[in-house]
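This report refers to the structure that appears directly beneath it.
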Amino acid sequence: MTERTFSIIKPDATERNLTGAINAVIEASGLRIVAQRRIRMSRAQAEQFYGVHKERPFFGELVDFMTSGPVVVQVLEGDNAVAAYRDVMGATNPDNAADGTIRKLFARNVGENSVHGSDSAENAAIEIAQFFSADDIVG
Ligand code: CMP
């Protein structure tokens, strides 16, 4: 089933000029980048985006990091895109990520882990709507 997921290339990756290298891994997997924008996330945007993690001990650190530099927000489309992109990203902690995954290739640690991807189709729709309007997405 064709579906969409939401992706963020995080500040640790944009800082190292890895946008193209990460997009190459995404595209090699068969997922299509159907919307993409480079932005500086505001604190309000980051706090809203990561609202489910508000009570976690790393919430402040996470918001600080996500607002520390440019990010690239993306919509990816493909067969079972949510699960497919989670496979391409690898485990949250790069120490546990499989060979060839984005996080194994590029992530520094569990916080500076280069990419975000939605964890469900329901959250993908919510996350996409936070950053894109329907007209921005060209499938
Ligand atoms: P992400 O998929 O963007 O969603 C939540 C993020 O919290 C996750 O990726 C990690 O980057 C971050 N995170 C999870 N655990 C930790 C941790 N122990 N310390 C710092 N950041 C974390």
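Within the range 16-36, the set of residues being in contact with a strand residue (DSSP E or B) (Cβ under 8 Å, 6 or more places away or on another chain) and more than 19 Å from ALA81 (Cα to Cα) comprises LEU18, THR19. In the range 66-94, the residues that are open to solvent by less than 10 Å² (accessible area, probe 1.4 Å) form Cβ pairs under 6 Å with partners that are part of a strand (DSSP E or B) and among the charged types (D, E, K, R), at six or more places apart or across chains, as follows: VAL72/ARG38; VAL73/ARG37; VAL75/ARG4; ALA81/GLU3; ALA81/ARG4. Restricting the range 89-106 to residues that are more than 15 Å from ILE9 (Cα to Cα) and part of a loop (DSSP other than H, G, I, E, B), which is nearest to the ligand (Cβ to nearest atom)? Result: ASN93. Apart from one condition, MET41 fits all of (1) touching a helix residue (DSSP H, G or I) at 6+ places or on another chain (Cβ under 6 Å); (2) touching a residue at least 60 places away in the same chain (Cβ under 8 Å); (3) within 20 Å of ILE137 (Cβ to Cβ); the exception is (2).
Of all the criteria given as (1) surrounded by 16 or more Cβ atoms within 10 Å (Cβ to Cβ); (2) within 30 Å of GLY139 (Cα to Cα); (3) small (Gly, Ala, Ser), the one not satisfied by GLY100 is (1).
Could you grab me the full set of residues in the range 24-61 that are closer than 15 Å to GLY111 by Cα, part of a helix (DSSP H, G or I) and among the charged types (D, E, K, R)? Correct list: GLU61 only. Consider the range 107-133 and keep the residues that are over 22 Å from VAL34 (Cβ atoms) and open to solvent by 40 Å² or more (accessible area, probe 1.4 Å). The one that is nearest to the ligand (Cβ to nearest atom) is VAL110. Collect the residues in the range 39-89 that are more than 26 Å from ASP135 (Cα to Cα) and among the basic types (Lys, Arg), keeping them in residue-number order. Hits for the range 39-89 are LYS54, ARG56.
The values are calculated or read from the model by the stated rules, or taken from the named source; none is laboratory data. Here the structure is a predicted model, which means the values were calculated and not measured. Note that we place each Cβ from the backbone using ideal geometry, even for glycine, and neighbour counts take in every protein chain shown. To get the accessible areas, we keep the full protein, side chains included, count just its heavy atoms, and leave off ligands, DNA and RNA. Shrake-Rupley method; radii C 1.70, N 1.55, O 1.52, S 1.80 Å.
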